[in-house]
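Only the coordinates and a few stated rules stand behind these numbers; no lab work does. All of these numbers come straight from a predicted model, not from anything done at the bench. Methodologically, a virtual Cβ is constructed for each residue, glycine included, from the backbone with ideal geometry; neighbour enumeration extends over all protein chains shown.
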């Protein structure tokens, strides 16, 4: 083998400083997290809640979280895979589903905090910018949007979650610049376009074009929609029903899965400090007894 | 050129971050809360330039007298000439750690309260005062053989044999 100068020597590894674990995993942006978590010191232990919106390939996760030294504490969570309970079984990661998840999370937290009668939010989703008004007895529940590592372009689905939570009755500081339907030139939000997105109008439009131009692709792409009888025309009605169902009963359902059974332990269990000390004492005693026997043998 | 006496002079090592701990500071420093009357240690974090105390206060412990949005007011003793002044400084939270100097006292307080409550329930009188460590208990030395050592009388003839 030809002589190659080793690039990563022992010295390199000795001096290497690893980044934080979640940064190495590429999951947390600490610069953003720092600014989201930092609470004014003269507010002492008041928690600063954030609305965490994360998208996976097949699911949407929305949580209300506040930070603590021993780890973040989740107040309430809503997932897109819960939406079948409210009548939505397909298209679980689109803008309309994101809106539903945000709405579900908002109603769930308000019900948990017993504020849901006071803060109904925007019952009829119109797409206009809606901000929660302070009620009589308590001030509205305030949270800050945490998008994670997504690029915040106009019309991103995280803002669908935001809009759902706003209409649900949570106070989140925001601007309408990034909602779907914001016109960059006129610098105004077109509520009609936004409303279209909230009710899946963009999906319906695509369905229509596919039906005309490429019926086979329409069959293959939207097969699940067709199976459940979702035509482009009744998509809006379907989402309206889902919103109503969410507002009626937003409570979380405990899953009936049995706790996972214990597995056989394949590696040695780490001993505690007392156990290790006891082991050492036993070893010394054994050594001493053997040494004592040897001495007496030699003397004899 | 003479040595300067600027605010951060002679802080090359004390303000530098420790080995392999540079860059982002862990978020628990921002999550801690401080109340007025707590004891805190002042330890400068060279990565944060705002709200740094003067190098004199690095390593001092003081009490919190004020809490603002991002900083804490700490009251530290400083000897100036022939007297000690209580100086009040404002320091950002990154340069402050909760002090453990009163930890033992607080634990003892809690334990003593518990002991006193128990004794009161039983009706006996106890003293919770700490006692200094006394002299160690006596013990018998075991397995010792006695060997008496005496000096031998000086023998001139034997010693001079060979030499001289």
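A few points about this structure:
- Peptides A:107-117, A:222-232 ordered by average Cβ neighbours within 10 Å, highest first: A:107-117, A:222-232
- For chain A, the longest principal axis of the Cα atoms and the long axis of helix A:273-299 meet at an angle of about 20 degrees.
- Look at the stretch A:35-43: the mean tally of other chain Cβ atoms within 10 Å of its residues' Cβ atoms is 5.
- Between residue A:118 and residue B:55, the FRET efficiency estimated from the beta carbon spacing at R0 = 45 angstrom works out to 0.25.
- Sites residue B:99 and residue A:206, calculated FRET efficiency, Cβ-Cβ separation with R0 56 Å, nearest 0.05: 0.35
- Value of Rg/Rh across the protein assembly as shown [Cα atoms, Kirkwood radius]: 1.19
- Between the Cα long axis of helix A:95-112 and the first principal axis of chain A there is an angle of about 70°, rounded to the nearest 10.
- Here the residues A:221, A:194, ranked from fewest to most Cβ neighbours within 10 Å of their Cβ, fall in the order A:221, A:194.
- Build a GNM of chain B with springs between Cα atoms under 10 Å apart, and of B:87, B:69, B:109 the one that fluctuates most is B:69.
- Distance between the 7 Å Cα→Cβ label points at residue A:21 and residue A:264: 2.9 nm.
- Overall form of region A:127-264 per C-alpha gyration tensor (a/c, 1.5; a/b vs b/c): oblate
- Averaged over the residues of peptide B:15-28, the number of Cβ atoms from other protein chains lying within 10 Å of each residue's Cβ is 3.
- Label-to-label distance, residue B:120 versus residue B:142, with points set 7 angstrom from Cα along the beta-carbon direction: 4.7 nm.
- Between 0 and 90 degrees, the angle of helix A:235-248 with respect to the longest Cα principal axis of chain A falls at about 60 degrees.
- For residues of B:30-37, the mean tally of beta carbons on other chains within 10 Å: 4
- Highest-first arrangement of A:258-265, A:202-209, where packing means the average Cβ count within 10 Å: A:202-209, A:258-265
- Efficiency of FRET from Cβ geometry, residue A:14 and residue A:251, R₀ 56 Å, rounded to 0.05: 0.55
- When each of the peptides B:19-29, A:53-63 is scored by the mean number of other C-beta atoms lying within 10 Å of its residues, the order from highest to lowest reads A:53-63, B:19-29.
- Most fluctuating residue given options A:85, A:157, A:138, as computed from a GNM of chain A linking Cα atoms under 10 Å: A:138
- The coefficient of translational diffusion for region A:40-103, derived via Stokes-Einstein from the alpha carbon Kirkwood radius under 10 °C and 1.306 mPa s, stands at 121 µm²/s.
- Within a Gaussian network of chain B (alpha carbon springs, distance under 10 Å), most fluctuating of B:82, B:45, B:112: B:82
- Helical content of chain B, expressed as a calculated mean residue ellipticity at 222 nm, amounts to -5000 deg cm²/dmol (DSSP H runs of 4 or more residues, -39,500 (n - 2.57) each, divided by residue number, nearest 500).
- Cα centroid of region A:185-251 to Cα centroid of region A:1-79, whole Å: 35
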